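Notes to accompany the following structure.
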Amino acid sequence: MQGDIDRILIDRDSIAERVEQLGAALVADLAPAADAGNLVVMPVMTGSLFFAADLVRHLPLSFRILPVTVQSYPGRQVKSQGVQGADELPEGLDGRTVLLIDDIFDSGGTIDYLIQGLNNAGVARVVVCVLLRKEIARVIECPIEERYVGFDIPDAFVVGYGLDFDGLYRNLPDIATLREEIISGH
């Protein structure tokens, strides 16, 4: 698997440091909702699994975790295919603050889809935290009240730390690009 890597974009130590920083910023922002018993943490599965697990360890707050599954990169796709295979949102979100945790912000489709659903469910506030934001995403208008971003990256297909290619490479501890022959299948 290591031989499939082209280059490491973000190493595991930088990821750990940034996740801790994001946690500290989120605690300051979300403490009032947590104190009122109204905080829900909603990781977008499966890509944000590692990020969400590490991030919530830095949130010494009271909250419920209600994951949701949304897919936009099925199989061997390296460009977003739009929202597919979305689960229904959990019930009981009315009046709550939702911390939406996702792995990557590129096309904005997943986040936009979920924000619309959460607003329709009557949430009081949506706070978005993404591990990665691609350069392309900076020009996309998306109705996000707040956005916490771990790292800005080039418009490249990345794997590791939860991000996959055809279901593989999620367990890499760093965020990396794959060699072109792996992606193209040659």
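Quick notes
- Residue match in region 8-19 (condition: under 29 Å from residue 169 (Cα atoms), at pLDDT below 95 and touching a helix residue (DSSP H, G or I) at 6+ places or on another chain (Cβ under 6 Å)): no
- Taken over region 96-115, the criterion of being surrounded by fewer than 18 Cβ atoms within 10 Å (Cβ to Cβ) and modelled with pLDDT of 90 or more is satisfied by no residue.
- Here residue 40 passes the criteria (1) at pLDDT below 95; (2) among the β-branched types (Val, Ile, Thr); (3) over 13 Å from the mean Cα position of the chain (by Cα) except the one numbered (1).
- Among the residues of region 1-56, the ones that are assigned to a helix (DSSP H, G or I) and either crowded, with 18+ Cβ neighbours inside 10 Å or out of contact with any Ser or Thr (no Cβ under 9 Å at 6 or more places or on another chain) (or both) come to 33 in all.
- Filtered by the rule that a residue be free of Cβ contacts under 8 Å to residues at least 12 places away in the same chain and either in contact with a Leu (Cβ under 9 Å, 6 or more places away or on another chain) or of a type outside the set (A, V, I, L, M, F, W, C) (or both), region 15-59 gives 17, 21, 32.
The values are calculated or read from the model by the stated rules, or taken from the named source; none is laboratory data. Since this is a predicted model, take the numbers as computed values, not measurements. Don't worry about glycine lacking a Cβ; one is built from the backbone with ideal geometry, like all the others, and counts go over all protein chains shown.
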